[in-house]
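Asks: What follows is a structure written as structure tokens; I'll ask about it next.
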Ligand code: RIB
């Protein structure tokens, strides 16, 4: 019972490194590379490379991208449950600037065809998963069914509500034991579900109690971790459900690194968190978060998304 099941997207990332991110109407020169990505696959890779037995549930086309997914899962020992689709495998166009910041356009392709019944049925295929981890680059019905299947199997369910522009019903948020938005996603969710307007950039400056109150307004019964880029992250537990911690809210700073590319850093955090929870269930929650922050920081030292996930075991 230490398996992590990740339900989500696989994309072939097409990446251009540019001096600065393009403005409307601009034509820029940049160095090109392509590689595996997709929030789901990046998170599965992180969970696996952090030491957890990992299953990845997704939808793939019948093309070179799908073959890449199969080859990489086999190479890293990820159990792949792929629904075949007539649509092309997902793609993403990514610009990365000199400071390692990015901007991304996703062509969902086969990811948009992930079937709810398929996803839910595959969640417990390997027995009783310890953790089910999902994001929002796949149809929300499939994500909700997979999360429910995770709950039914007794797993800890994590929803990384990314990207920020993906709409998610309140009932789906409530299926998560742990929510892990970044500041942009958190501000978007607060606007949509709580009716509170707040600038994403302002979040890291808020005092602890105000940020905790925002998290409680959104998360009700779930632990909320807001990832704050260079400012680390903020953890907020519901009263009486501290997951082994001694306080209901706290900040975790990042470790300084030589940042090359932040693409997939949030995915690294989520995959590592899932692996740590699955492998070391007796640990205090703050220890899992500290490991995930360390893991995500290390992932920014290499270019690329899935292939920048470090081999660094939880524990
Ligand atoms: O989170 C990073 C990922 O977002 C990229 O790998 C890209 O595929 C998009 O899904």
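Asks: Checking residue 1 against (1) more than 16 Å from the ligand (Cβ to nearest atom); (2) at pLDDT 95 or above, only one condition comes out false. Which one?
Replies: Here residue 1 meets the rest and fails (2).
Asks: Ok, one more. So residue 69 clears everything in (1) touching a residue at least 40 places away in the same chain (Cβ under 8 Å); (2) surrounded by fewer than 17 Cβ atoms within 10 Å (Cβ to Cβ) except one condition, right? Which one?
Replies: (2)
Asks: Can you name every residue in the stretch 260-275 that is more than 10 Å from the ligand (Cβ to nearest atom) and in contact with a helix residue (DSSP H, G or I) (Cβ under 7 Å, 6 or more places away or on another chain)?
Replies: 261, 269, 271, 272, 273, 274, 275 - these are the residues of the stretch 260-275 that are more than 10 Å from the ligand (Cβ to nearest atom) and in contact with a helix residue (DSSP H, G or I) (Cβ under 7 Å, 6 or more places away or on another chain).
Asks: Still on this structure: Can you name every one of the strands (runs of 3 or more DSSP E) wholly within the stretch 1-85 that holds 3 or more residues which are under 20 Å from residue 113 (Cα atoms)?
Replies: Counting at least 3 such residues, we get 4-7, 11-17, 54-60, 79-84.
Asks: Now for a different question. Quick one: which of 199, 301 is loosely packed, with under 15 Cβ neighbours inside 10 Å and within 30 Å of residue 32 (Cβ to Cβ)?
Replies: Testing whether each residue is loosely packed, with under 15 Cβ neighbours inside 10 Å and within 30 Å of residue 32 (Cβ to Cβ) leaves just 301.
Asks: Here's another thing I want to ask about it. Among the residues of the stretch 153-169, is there at least one that is surrounded by fewer than 22 Cβ atoms within 10 Å (Cβ to Cβ), without any contact (Cβ under 8 Å) to a residue 24 or more places away in the chain and under 20 Å from the mean Cα position of the chain (by Cα)?
Replies: Yes; the residues of the stretch 153-169 include at least one that is surrounded by fewer than 22 Cβ atoms within 10 Å (Cβ to Cβ), without any contact (Cβ under 8 Å) to a residue 24 or more places away in the chain and under 20 Å from the mean Cα position of the chain (by Cα).
Asks: Kindly list, by first and then second residue, each pair from a residue in the stretch 22-41 that is over 30 Å from residue 274 (Cβ atoms) to a residue that is at pLDDT 95 or above and assigned to a loop (DSSP other than H, G, I, E, B), limited to pairs with Cβ atoms under 6 Å and residues at least 6 apart or on different chains.
Replies: Listed pairs, sorted by first residue: 28/18; 30/18.
Quick grid of which residues meet (1) within 15 Å of the ligand (Cβ to nearest atom); (2) touching a helix residue (DSSP H, G or I) at 6+ places or on another chain (Cβ under 8 Å):
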site	(1), (2)
6	yes, yes
15	yes, no
24	no, no
31	no, no
34	yes, no
44	yes, yes
50	no, yes
55	no, yes
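Asks: For residue 191, indicate whether it is over 18 Å from residue 44 (Cα atoms), modelled with pLDDT of 95 or more and assigned to a loop (DSSP other than H, G, I, E, B).
Replies: no
Asks: Residues in the stretch 125-152 that are free of Cβ contacts under 8 Å to residues at least 60 places away in the same chain and either out of contact with any helix residue (DSSP H, G or I) (no Cβ under 9 Å at 6 or more places or on another chain) or surrounded by fewer than 21 Cβ atoms within 10 Å (Cβ to Cβ) (or both): how many?
Replies: 6
Asks: Among the listed residues 266, 240, 219, identify the single one that is in contact with a strand residue (DSSP E or B) (Cβ under 6 Å, 6 or more places away or on another chain) and at pLDDT below 95.
Replies: Exactly one residue qualifies, and that residue is 219.
The values are calculated or read from the model by the stated rules, or taken from the named source; none is laboratory data. Here the structure is a predicted model, which is why all the values come from computation and not from measurement. Here the Cβ is made from the backbone with ideal geometry for all residues, glycine too, and neighbour counts use every protein chain on show.
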